Amino acid sequence: MLKIENLHKRFGDLVVLDGVNFEVPEGTTTVILGRSGIGKSVLLKCIVRLIEPDKGKIFIEGKNIFELTLKELNELRKNIGFLFQSSALYDSMTVKENLAFPLLRHTGLTNKEIEERIKEILNLVGLAEAISKMPSELSGGMKKRIALARSLILNPKIMLYDEPTTGLDPVTSKEIAKLIIEMQKKFKMTNIVVTHDMVVALSTADKILLLENGNFIFEGTPEQLLNSELDIAKKFLSTKLD
Amino acid sequence: MMKLIDSINNFFSVIGGLTSFTLRFFVEVFRPPYEITEIRKHMDELGVKTFSIVSITGFIIGLVLGMQSQPVLARFGAEMFLPGMIALSVIRELGPVLTALIFAGRVGSGIGAELGSMRVTEQIDAMEVSAVDPFRFLVVTRVIATTLMLPLLTIYVDLIALLGGYVAVIITQNMTFSYYIQLVLDAVRFSDIIPGVSKTFVFGFVVGIVGSYLGFNASKGTEGVGKASTTSVVISSLLILLIDSVIVRLTLIIFPD
Ligand SMILES: Nc1ncnc2c1ncn2[C@@H]1O[C@H](COP(=O)(O)OP(=O)(O)OP(=O)(O)O)[C@@H](O)[C@H]1O
Ligand SMILES: [Mg+2]
């Protein structure tokens with residue numbers, strides 16, 4: 001479904017990705033862990049070609065995305081949902097307009113159908129009352145959930161979550177984790193989740209990868225991570241200051 | 001000295017980037033579909049944003065020009081030419097250029113800041129990922145709006161300035177408004193109006209494309225947004241004055257008196 005081969009990216013002297021390889025089978029969830037500033041967001045952005053890597057291949061549904069024309073790439077992007085770490089809601093538009101934006105451009109839905117779809121997705125993220133608010137009137141956590149709704153609204157086959165629960169309280173975080181699992185089961189979605197939140201990581205992952213110095217230093221199931229002897233893995237799991 | 005060289009270098013690199021950005025605009029602008037609602041929305045916003053300031057400026061240009069010229073013309077006993085002189089100065093030069101400069105200050109900085117903040121908060125990236133071309137949706141619509149809006153504003157400013165000129169005239173002379181208009185119409189030819197208004201399409205385009213270019217390519221951080229905003233005012237004002245001097249020369253060749 002999604003396969004990444006030998007991906008390299010540097011900014012000046014800073015090597016961020018140094019030959020990354022991994023594969024995400026269809027309908028599964030891969031969680032990427034890693035310290036702040038290590039290159040997780042850069043990796044996700046390469047997958048949708050927001051950042052051009054220096055070297056490497058990315059196959060989605062068997063096609064190397066760097067060989068696609070812009071038109072083909074955009075067809076592909078319609079099937080990919082991307083939740084930005086910063087939410088990235090359009091701040092000149094209301095919540096409703098934010099959610100209608102992809103629907104108006106990529107579906108033949110009538111206004112009434114669009115309205116229904118928006119209500120449905122807002123209920124899913126538990127924010128039906130926010131429909132006519134501007135992004136500036138929302139809290140950070142609310143923005144995150146609206147952004148989540150916007151990235152899910154076209155029922156993408158692949159979802160890339162960049163820190164879906166940062167800035168959310170533990171209760172809402174668990175709701176989001178449940179939502180990720182539920183969506184995956186219901187629509188057979190293929191997910192990549194970047195997170196620092198161990199609850200999300202352990203509950204949603206089929207596979208966990210740990211990024212460090214440009215490459216993965218751990219790859220395994222949640223159970224394997226829990227039993228790992230790696231220092232950094234232990235630090236991620238520990239609740240103590242040491 | 002190093003700073004000066006840096007800023008000259010910077011100016012030329014902006015002009016280089018701007019040129020390819022402009023070419024891209026011309027490739028995209030001839031490709032339907034058009035985001036008509038978005039264009040109209042921007043035009044409305046531009047109008048609202050600039051209406052009061054250009055009204056005041058227009059009136060004062062006419063008034064001051066009239067008051068300054070009156071004694072000079074009186075010296076030669078040529079006071080009857082005052083309305084015609086005001087009209088020609090306003091229509092050929094002052095109306096278009098001053099409106100364009102105000103437009104650059106108000107609208108150019110706004111576009112730079114708007115797109116700049118969309119860039120640094122990843123809204124432009126989000127649009128790209130959702131398979132909508134941000135260049136078409138954000139840039140093309142804004143540039144079309146500024147290009148169409150500035151000529152309309154200029155015509156309005158010209159009219160308001162003539163009103164200001166009339167006020168200046170009646171301070172020292174007895175003249176009915178209809179006679180004033182008569183004198184204005186006698187002096188003004190089509191060959192004064194056409195170049196005066198048509199150059200504002202170019203100025204409007206410059207304001208839109210410079211603001212969009214700098215905003216679209218803003219560097220990360222709030223500092224980048226501020227820089228995009230102020231730099232667009234500086235660059236577009238400079239370009240407006242440069243282009244104006246070229247157009248004035250061309251006009252004199254095309255419409256010799
Ligand atoms: N456009 C860019 N230009 C230059 N450097 C960049 C750019 N984008 C990212 N970087 C650098 O690449 C490194 C990785 O950044 P990235 O945003 O991927 O980190 P991250 O793992 O997502 O961190 P966090 O958990 O804090 O979000 C950082 O050192 C960052 O400074
Ligand atoms: Mg990140």
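Points worth noting:
- Residue check, B:Leu98 away from chain A (no Cβ under 12 Å), open to solvent by 30 Å² or more (accessible area, probe 1.4 Å) and under 22 Å from B:Ser229 (Cβ atoms): yes
- Boolean, A:Met142 is open to solvent by less than 70 Å² (accessible area, probe 1.4 Å) and part of a helix (DSSP H, G or I): yes
- Boolean, A:Val193 is in a helix (DSSP H, G or I), touching a residue at least 40 places away in the same chain (Cβ under 8 Å) and within 16 Å of ligand 1 (Cβ to nearest atom): no
Here is a yes/no grid of residues against (1) open to solvent by 30 Å² or more (accessible area, probe 1.4 Å); (2) at pLDDT 95 or above:
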| position | (1), (2) |
| --- | --- |
| B:Ile144 | yes, yes |
| B:Ala168 | no, no |
| B:Thr176 | yes, no |
| B:Ala187 | yes, no |
| B:Asp192 | no, no |
| B:Val197 | no, no |
| B:Val210 | no, yes |
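- Scanning region A:46-60 for residues that are open to solvent by less than 10 Å² (accessible area, probe 1.4 Å) and more than 16 Å from ligand 2 (Cβ to nearest atom) returns A:Ile58, A:Ile60.
- Residue match in region B:42-61 (condition: over 18 Å from the mean Cα position of the chain (by Cα) and assigned to a helix (DSSP H, G or I)): no
- Residues located in region B:219-255, provided they are in a loop (DSSP other than H, G, I, E, B) and in contact with a Ser or Thr (Cβ under 8 Å, 6 or more places away or on another chain): B:Phe255
- Screening A:Leu154 on (1) more than 14 Å from ligand 1 (Cβ to nearest atom); (2) assigned to a strand (DSSP E or B); (3) within 14 Å of chain B (Cβ to nearest Cβ) shows it passes everything except condition (2).
- Condition check for B:Tyr179: part of a helix (DSSP H, G or I) and over 30 Å from B:Gln123 (Cβ atoms): yes
- Test: residue in region A:33-45 that is open to solvent by 40 Å² or more (accessible area, probe 1.4 Å), touching an Asp or Glu at 6+ places or on another chain (Cβ under 6 Å) and either within 16 Å of ligand 1 (Cβ to nearest atom) or not assigned by TED's automatic domain parsing to the domain that holds A:Gln184 (or both): no
- Checking A:Leu148 against (1) part of a loop (DSSP other than H, G, I, E, B); (2) at pLDDT 90 or above; (3) buried (at least 17 other Cβ atoms within 10 Å of the Cβ), the condition it does not meet: (1)
- Per the conditions (1) among the hydrophobic types (A, V, I, L, M, F, W, C); (2) more than 14 Å from B:Pro83 (Cβ to Cβ); (3) open to solvent by less than 10 Å² (accessible area, probe 1.4 Å), the sole criterion not satisfied by B:Met149 is (3).
- Criterion applied to A:Leu89, A:Leu17 was being within 16 Å of ligand 1 (Cβ to nearest atom) and crowded, with 16+ Cβ neighbours inside 10 Å, and the one residue passing it is A:Leu17.
The values are calculated or read from the model by the stated rules, or taken from the named source; none is laboratory data. On a predicted model such as this, the values are computed, not experimentally measured, just so you know. For neighbour counting, all protein chains shown are included, and Cβ atoms are generated from backbone atoms with ideal geometry for every residue, glycine included. For the accessible areas, the whole protein counts, side chains as well, though only heavy atoms, and no ligand, DNA or RNA atoms are used. Shrake-Rupley method; radii C 1.70, N 1.55, O 1.52, S 1.80 Å.
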